[in-house]
Amino acid sequence: MSETLQKKPFAWFRLLFLIGLLLLPNLLVQKYELVGKVTSWAVWGTAFDLLIVFPIACYFFVLRRRPSLLVLVPMMFAGLLALNWMVPDYAKEHLWFVNRSVIFLEASIVLIEFLLFLWVIKQWPIIRQSIRAERFAYYHLSMSAHKGIENAFEGMAGKVKSTQKVLGFLLTDLSAFYYAFAGKRENIHRYTNEPVFSYHKKSDYQGIFIMMVHALLIEIIGLHFIVMQWSHIAAWIVTILDIYALLFVIADYQAMRKSPIVLDQKGIHIQKGLRFFTYIPYQTIRHIEKATVTAKEYQKDKKSVAVTLPSFEAQPPQWTIHLEEPVDAYLVFGLTKKVDRIYLTVDDPGYFIEVLKEKVPSQVETKG
């Protein structure tokens, strides 16, 4: 099985190469004034490298997949922060135009997204009704919301694709808030009587989750006071981002607890916390076998998703589902990818494979 895994160049090497090629020379010129006093031309050259060349190079040569171009916005903002840090105080007057231009550009993008979001709010009654109808077909919140949005805007022209992208991006955030604050109300048995299978109860992830929450709480307090010595505004920005990270971790674990795998008459419904969701029709399955890959091998398989959880000791998955044709896996913030394999580990593997034998008897292999 390992020879079928898709191997790609190590992206970290490319990132380090770009840092050495673009960032390090600018750091030496600006911060340490290696070639003498910093001039306006040097500032503009560094601005061009950090705000344009480096983000575009990372997009095409470092990222393993091609996500939305919106990913360039935070990369440019990070470049702007680095630029203001590198340039010495006496040369910061040359940054006046650069700072305001980037802020205006990013504010314009945010404004466009916000206006589209307001338009969506006006359509919310239609969207809500459509999502409720889909819960009895797809059960999990994320897939139901995705399908509900598609159906709500089906046949509408113009704003549909842009609106769906906005909602796809917002779906992760909205789901995080829902599971963090109202997730206790979520009960998949309200929507189906089909067999369901949890995958978190017999794993070590609960212990890892507690450790992550504990570490984030310490980081929120400690990092806030450390950054405050430099900037009060930056300290609160970092704190808000850390609080969001804590909220996301809690919501992700709650979503795992409330979103077991469902095997109905049509296919396999999967939602792994907030990380991804997908639906696998039975007719797309080539065969199901006991997994023969190691923990490291399946993690390198770029054309797969894995319903497995981190453990204190790396464990291989229990089952591998091979597909006749790729299906879409919907990732965080509206990203998607085509997958040919799904790796699974469930709390009750015996019952899981028994149910699959009833659904697709000819595709299940139990040897190995």
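If the segment from residue 325 to residue 198 were pulled out straight at 0.36 nm per residue, it would be longer than the present Cα-Cα gap by 43.1 nm. Projected label points at residue 221 and residue 84, each 7 Å from Cα along the beta carbon direction, are separated by 3.0 nanometres. Considering only 325, 313, 297, the Gaussian network model of the chain with Cα springs below 10 Å gives its largest mean-square fluctuation to 313.
Could you work out [θ]222 nm for the chain from helices alone, using -39500 (n - 2.57) per DSSP H run of at least four and dividing by all its residues? Round to the nearest 500 deg cm²/dmol.
Details: 13 runs with 191 residues, N = 368.
Calculated at 222 nm, the ellipticity per residue is -17000 deg cm²/dmol.
Placing dummy labels 7 Å off each Cα toward the beta-carbon, the span from residue 174 to residue 44 is 4.5 nm.
For the chain, with all protein chains present and a 1.4 Å probe, just round the carbon and sulfur fraction of the accessible area to a whole percent. Solvent-exposed carbon and sulfur of the chain make up 65 percent of the total. Dimensions of segment 260-303 along the principal axes, based on C-alpha atoms and rounded to the nearest Å, stand at 33, 27, 17, largest first.
Modelled spin-label separation between residue 266 and residue 150, with each label point placed 7 Å from Cα along the Cα-to-Cβ direction: 1.0 nm.
Give the ranking of 100, 341 by solvent-accessible surface, highest area first, calculated with a 1.4 Å probe.
On the way: 100 120, 341 25 Å².
The ranking, largest first, comes out as 100, 341.
Would you mind calculating the gained length between residue 136 and residue 245 on full extension (0.36 nm times residue separation, minus the Cα-Cα distance), in nm to one decimal? Show your work: numbers first, answer last.
Working: separation 109, 0.36 × 109 = 39.24 nm, distance 3.13 nm.
Difference between extended and current length: 36.1 nm.
Per residue, how much accessible area does segment 212-268 have with a 1.4 Å probe, in Å²?
Details: 3100 Å² over 57 residues.
Per-residue accessible area for segment 212-268 comes out at 54 Å².
When you restrict to C-alpha pairs under 8 Å that are six or more residues apart and normalise by the size of the chain, the relative contact order lands at 16 percent. Consider all pairwise Cα distances in segment 215-368 and report the whole-number % of them above 24 Å. Summing the P(r) of segment 215-368 above 24 Å gives 44 percent of all pairs. Put one equal scatterer on each alpha carbon of the chain, apply the Debye formula with no solvent term, and list log10 I(q)/I(0) at q = 0.06, 0.11 1/Å to two decimals. The Debye formula, applied to the Cα set alone, gives -0.30, -0.94. The stretch between residue 59 and residue 312 holds 87.8 nm of extra length on full extension. This uses 0.36 nm per residue minus the Cα-Cα distance.
The values are calculated or read from the model by the stated rules, or taken from the named source; none is laboratory data. As the structure is a computational prediction, the values presented were derived from the model and not from experiment. All Cβ positions, even for glycine, are placed from backbone atoms using ideal geometry, and neighbour counts span all protein chains on display. For the accessible areas, the whole protein counts, side chains as well, though only heavy atoms, and no ligand, DNA or RNA atoms are used. Shrake-Rupley method; radii C 1.70, N 1.55, O 1.52, S 1.80 Å.
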